[in-house]
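Colleague: I am attaching a structure below and will ask some questions about it afterwards.
The values are calculated or read from the model by the stated rules, or taken from the named source; none is laboratory data. Fair warning: this is a prediction, and the values are worked out from it, not measured in the lab. Glycine also receives a Cβ, built like all others from the backbone with ideal geometry; neighbour counts cover every protein chain displayed.
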């Protein structure tokens, strides 16, 4: 039986959430706002790809886990998209960004990549999110965030860790080709980092903060000197290069108990 639980969440984001909800930090708030803009279509691309592959899976347990993966990712997409209303009420516009994201995911990746490379890309994204989820929970990364946003990102992180093996195992069910796996993670990291940075720049520009030196000082501290977020993500991502890698190699399942029991 699958150990992955599909939880029905219903976040209600109050209108009074601060514009800079992450400890009054412009940079960190917009960095994670950008991730929130990326998640819904990103999750839809992943769950659609895995869902279409389920009939081809010959392992009954993996098939169950893949169905649960689809259910969890659907919830993530819905709950993150709810926060868009708050961003719009604060005056941000991002429809053009969303159209470009949708085009790349569904008109390029979904229609032009074969199943092996789509699954390899998804497995790479899932490794990326698993590393970030582990940092989020282990270091209580959202301790300074407003409570509802802390709850959103910690719940999402816990479920990313809970289903961390699924995309990788579905890929392995189709192909165990190491080169395809490496190409997939390169595609994944290039895609995610490109769109997160594009969204960040868009939000800072609309706030007239793009040239604010304080914002970029916050970035340097968060990425390299204080939290060292980017350095940790990079170093902890390297285990994927091991030819015998498996997501279970990362001992982090214990972290989810505090969040989802």
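Colleague: Considering 140, 126, which residue is in contact with a helix residue (DSSP H, G or I) (Cβ under 9 Å, 6 or more places away or on another chain), at pLDDT 95 or above and not in a loop (DSSP other than H, G, I, E, B)? Spell out the reasoning first.
Modeller: Working: 140 fails: not in a loop (DSSP other than H, G, I, E, B).
Only one candidate passes the filter, namely 126.
Colleague: Restricting attention to segment 9-35, report how many residues are over 16 Å from residue 147 (Cα atoms) and buried (at least 21 other Cβ atoms within 10 Å of the Cβ).
Modeller: From segment 9-35, those over 16 Å from residue 147 (Cα atoms) are 26-27, 30-31, 34-35; that's our starting set.
The next check asks that each one be buried (at least 21 other Cβ atoms within 10 Å of the Cβ); those that pass are 27, 30-31, 34.
Residues in segment 9-35 being over 16 Å from residue 147 (Cα atoms) and buried (at least 21 other Cβ atoms within 10 Å of the Cβ): 4 in total.
Colleague: Those residues that are touching a residue at least 40 places away in the same chain (Cβ under 8 Å), part of a helix (DSSP H, G or I) and out of contact with any helix residue (DSSP H, G or I) (no Cβ under 7 Å at 6 or more places or on another chain), I need them from segment 85-97; list them, please.
Modeller: Within segment 85-97, the subset touching a residue at least 40 places away in the same chain (Cβ under 8 Å) is 85-87, 89-94, 97.
Remaining after also requiring part of a helix (DSSP H, G or I): 85-87, 89, 97.
Across segment 85-97, the qualifying residues are 85, 86, 89.
Colleague: Let me ask you something else. Kindly indicate which of 192, 259 is modelled with pLDDT of 95 or more, crowded, with 16+ Cβ neighbours inside 10 Å and touching a helix residue (DSSP H, G or I) at 6+ places or on another chain (Cβ under 8 Å). Spell out the reasoning first.
Modeller: Numbers: 259 fails: modelled with pLDDT of 95 or more.
Step by step, each of 192, 259 is checked, and only 192 is modelled with pLDDT of 95 or more, crowded, with 16+ Cβ neighbours inside 10 Å and touching a helix residue (DSSP H, G or I) at 6+ places or on another chain (Cβ under 8 Å).
Colleague: Of everything in segment 189-247, what is within 20 Å of the chain's Cα centre (by Cα), free of Cβ contacts under 8 Å to residues at least 40 places away in the same chain and in a loop (DSSP other than H, G, I, E, B)? Give them in sequence order.
Modeller: Passing the criteria: only 228.
Colleague: Could you go through segment 144-152 and let me know if any residue there is outside any helix (DSSP H, G or I), in contact (Cβ under 8 Å) with a residue 24 or more places away in the chain, out of contact with any helix residue (DSSP H, G or I) (no Cβ under 7 Å at 6 or more places or on another chain) and surrounded by fewer than 16 Cβ atoms within 10 Å (Cβ to Cβ).
Modeller: Scanning segment 144-152 turns up at least one residue that is outside any helix (DSSP H, G or I), in contact (Cβ under 8 Å) with a residue 24 or more places away in the chain, out of contact with any helix residue (DSSP H, G or I) (no Cβ under 7 Å at 6 or more places or on another chain) and surrounded by fewer than 16 Cβ atoms within 10 Å (Cβ to Cβ).
Colleague: Just to check your reading of the model, which residue among 103, 45 is part of a helix (DSSP H, G or I), within 14 Å of the chain's Cα centre (by Cα) and either crowded, with 16+ Cβ neighbours inside 10 Å or at pLDDT 95 or above (or both)?
Modeller: Testing whether each residue is part of a helix (DSSP H, G or I), within 14 Å of the chain's Cα centre (by Cα) and either crowded, with 16+ Cβ neighbours inside 10 Å or at pLDDT 95 or above (or both) leaves just 45.
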